[in-house]
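The values are calculated or read from the model by the stated rules, or taken from the named source; none is laboratory data. Everything quoted here is computed from the prediction, not taken from an experiment. Virtual Cβ from ideal backbone geometry, glycine too; neighbours counted across all protein chains shown.
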Amino acid sequence: MNVLKVGGMSCGACVRHVNEALQSLAGVERVEVDLATGIARVQGSADSASLVAALDEAGYPAEVTTDSSAPTPRKTGCGCGCN
């Protein structure tokens, strides 16, 4: 399982966009995105670099972590453009 800290999420639409960006990758079997913690857990064979690249392309900065309680990377504004 890959655990990613995802920045830029501030609403349910952001969670949906992150989920869709990750689910679109080959090898992704299951995605769980937690808005409150900014953590995405991804099961499957997709490599972490591909996961981070997909999120970056979708407008959400991300980094791989082993600490699911770590603070999330921040950026100004919401990745989905709702604010």
Quick one: would you say residue 53 is surrounded by fewer than 19 Cβ atoms within 10 Å (Cβ to Cβ), in a loop (DSSP other than H, G, I, E, B) and among the aliphatic types (A, V, I, L, M)?
-> no
Tell me which residues, restricted to the range 18-50, are exposed (fewer than 13 other Cβ atoms within 10 Å of the Cβ), aliphatic (A, V, I, L, M) and at pLDDT 95 or above.
-> 26, 49
Of the residues in the range 1-30, those that are among the hydrophobic types (A, V, I, L, M, F, W, C) and either free of Cβ contacts under 8 Å to residues at least 24 places away in the same chain or under 20 Å from residue 49 (Cβ atoms) (or both) come to 1, 3, 4, 6, 15, 18, 21, 22, 25, 26, 28
